[in-house]
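The values are calculated or read from the model by the stated rules, or taken from the named source; none is laboratory data. Bear in mind that the values here come from a model prediction, so they are computed numbers and not experimental data. Neighbour counts run over all protein chains shown; Cβ positions are idealised from the backbone, glycine included.
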Amino acid sequence: MRYFTFCAAGAIDVLMLDIANIVRRSTSGKFDSVVFFDKNPEAVNETQKNIPGSNGFPADFTSLVLATDPEEDNLLDAAAVDEWNVSEPDTRENRLKQNLLRQRRRFMGLFPFDIVNLDLEEYLLKPKEDFPGRVLQAVRKILRWQQRSLDDGTGLSEWSLMYTTQIGPPNLTERYLALLGSAISKNLNKFPDLRQTFVGRTGVSDAASLLENSFEEFFRIALPKLLVGEILAHDWYVNPDHGVQIYEFDRPSKSGPYKMLHLVIDIKRQDPPNHKRGTFDEPDGVEEAYAVVVNRIFSEKEMIVRPDSGEVEKLEKSLDKIRARRRKYRGDIA
């Protein structure tokens, strides 16, 4: 399984999947189907001690993904290349630019992934960033790059996206709030039967009233709707059998706990894909699937994750296995 993650040095998620025999090492014992980012080469090296043979990138994710590359369109349909304009002056600025592009092309060449786990430790939308925000633009790139061909020339028909973000920020600009609000309003207008469901859940009948009453509840509904819309716009759609699973949990901080949302989305390719459809052709089943997924987002509340003492004990036993596996790969035990 090809897995892209932000695992941090401990690589708990990768080792957990390794124990479950979901992520499998190659015949040489390497985690060469695992790709991750970290902040610097030292952090990448530390992570690779725990998951040897994995592909680490010491770079800022959004900066790398959003860097301009004149060869990007070619790389979407071919293996990554590593060619440079030798006529460029040998300056520090050009060397840094070329190193960034070299990493970016290597990263693109590893697409597509069976699971993309985006725990970026930052907000999706930020008030000071130019609309529609750098993280959302990076997500759009990922949705496009997931359409690259596999080694055998075929493309992915299905994959899973995990996305984790803090609820907020509460000081979003009017334009960002309108973006989130439209994700709700357009569905209420398109599917009139949803309004009764919406009122039953929130006590109000429109997005603006919900925002006024509760920013958190507004965000809980608008965020998955926004992501589902982006998925649909990039020639994918959400599997209606699973929909969007939403988990909420608290994280501690010096200023007090804050709420996090974790979304799990199973995604399917529209068939036939856009480049094989006529101008007015609609792919089979996509509109029906979208209606089912939207209804579930509006009607089903998030799952609150607050482990009781019994669950904590189970988690500790699981973590003990993960720690033992980590020590094994590091050579600390036989």
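Checking Gln166 against (1) touching a Phe, Trp or Tyr at 6+ places or on another chain (Cβ under 8 Å); (2) more than 30 Å from Asn55 (Cα to Cα): exactly one of these is not met. Which one? Among (1) touching a Phe, Trp or Tyr at 6+ places or on another chain (Cβ under 8 Å); (2) more than 30 Å from Asn55 (Cα to Cα), the lone unmet condition for Gln166 is (2). Of all the residues in the range 213-251, those that are outside any helix (DSSP H, G or I) and either closer than 23 Å to Glu288 by Cα or β-branched (Val, Ile, Thr) (or both) number 13. Within the span defined as the range 167-177, one or more residues are touching a strand residue (DSSP E or B) at 6+ places or on another chain (Cβ under 9 Å) and touching a residue at least 24 places away in the same chain (Cβ under 8 Å).
When Pro169 is tested against (1) more than 23 Å from Ile297 (Cα to Cα); (2) assigned to a loop (DSSP other than H, G, I, E, B), just one condition goes unmet, and that condition is (1).
Among the residues of the range 265-298, those that are in contact (Cβ under 8 Å) with a residue 40 or more places away in the chain, in a helix (DSSP H, G or I) and not acidic (Asp, Glu) comprise Val286, Ala289, Tyr290, Ala291, Val292, Val293, Val294, Asn295, Arg296, Ile297, Phe298.
Can you confirm whether Asn189 is under 20 Å from the mean Cα position of the chain (by Cα) and farther than 26 Å from Glu122 by Cβ?
no
For residues that are in a helix (DSSP H, G or I) and small (Gly, Ala, Ser), scanning just the range 11-63, find the one that is farthest from the chain's Cα centre (by Cα). Filtering the range 11-63 for residues that are in a helix (DSSP H, G or I) and small (Gly, Ala, Ser), the one farthest from the chain's Cα centre (by Cα) comes out as Ala43. Scanning the range 200-212 for residues that are exposed (fewer than 13 other Cβ atoms within 10 Å of the Cβ) and either basic (Lys, Arg) or in a helix (DSSP H, G or I) (or both) turns up Gly200, Glu212. Do you know which residues across the range 91-142 are modelled with pLDDT of 95 or more, out of contact with any Cys (no Cβ under 9 Å at 6 or more places or on another chain) and among the polar types (S, T, N, Q)? Gln137 - this is the single residue of the range 91-142 that is modelled with pLDDT of 95 or more, out of contact with any Cys (no Cβ under 9 Å at 6 or more places or on another chain) and among the polar types (S, T, N, Q). Being surrounded by fewer than 18 Cβ atoms within 10 Å (Cβ to Cβ) and closer than 21 Å to Val264 by Cβ is a description that does not apply to Glu93.
Leu76 satisfies every condition listed in (1) free of Cβ contacts under 8 Å to residues at least 40 places away in the same chain; (2) in contact with a helix residue (DSSP H, G or I) (Cβ under 8 Å, 6 or more places away or on another chain) except (1).
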